[in-house]
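The values are calculated or read from the model by the stated rules, or taken from the named source; none is laboratory data. Keep in mind that what you see is a predicted model, and the values were worked out from it rather than measured. Positions of Cβ are backbone-derived with ideal geometry, glycine not excepted, and every protein chain shown enters the neighbour counts. Note: accessible area is taken over every heavy atom of the protein model, side chains too, but ligands, DNA and RNA are not part of it. Shrake-Rupley method; radii C 1.70, N 1.55, O 1.52, S 1.80 Å.
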Amino acid sequence: MTFCLPRFLDQSFDDKFITLFHELFHIGTAFDGDLRRHDGRYALHSHSQKRYDEQMAALARDYLAGQPDPTLHAFLRLDFAQLQRRHGSVEAVVVRGRR
């Protein structure tokens, strides 16, 4: 997965967590490098991206309701500047789009 920095890190914890679920759910069930496909014309987000995002929010809430170890996602509660201060820097790799 790739994320735009600092934009991704400057979102709220909830938005970051939902984005992670959104992107992870795109992984195909065969784990063969392909994306998960939905029926119909809108194969990546189903017929409604809004509904897809609502489903991802529900999955994220369900996961958190299970009280996972908070140290696994604590960094998502910090924004870009806070992470920089805490760790001295934030490193990223530039991924160029296909042409």
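General observations
- Dividing the helix sum by the residues of the chain, where each DSSP H run of 4 or more adds -39500 (n - 2.57), gives a mean residue ellipticity at 222 nm of -12000 deg cm²/dmol.
- Annotation for Lys50 and Met1: the two label points, set 7 Å from Cα along the Cα-Cβ direction, are 2.4 nm apart.
- Solvent-accessible area, 1.4 Å probe, carbon plus sulfur percent, for the chain: 51
- Solvent exposure of the chain as accessible area per residue, Å², 1.4 Å probe: 79
- Across the alpha-carbon set of the chain, the Rg to Rh ratio works out to 1.01, Rh being the Kirkwood radius.
- Think of the chain as a dipole: +1 on every Lys or Arg Cβ, -1 on every Asp or Glu Cβ, centred on the Cα centre; then among Ala74, Met56, His87, His87 lies furthest on the positive end.
- Placing +1 on the Cβ of every Lys and Arg and -1 on the Cβ of every Asp and Glu, with nothing else charged, gives the chain a dipole about its Cα centre of roughly 380 debye.
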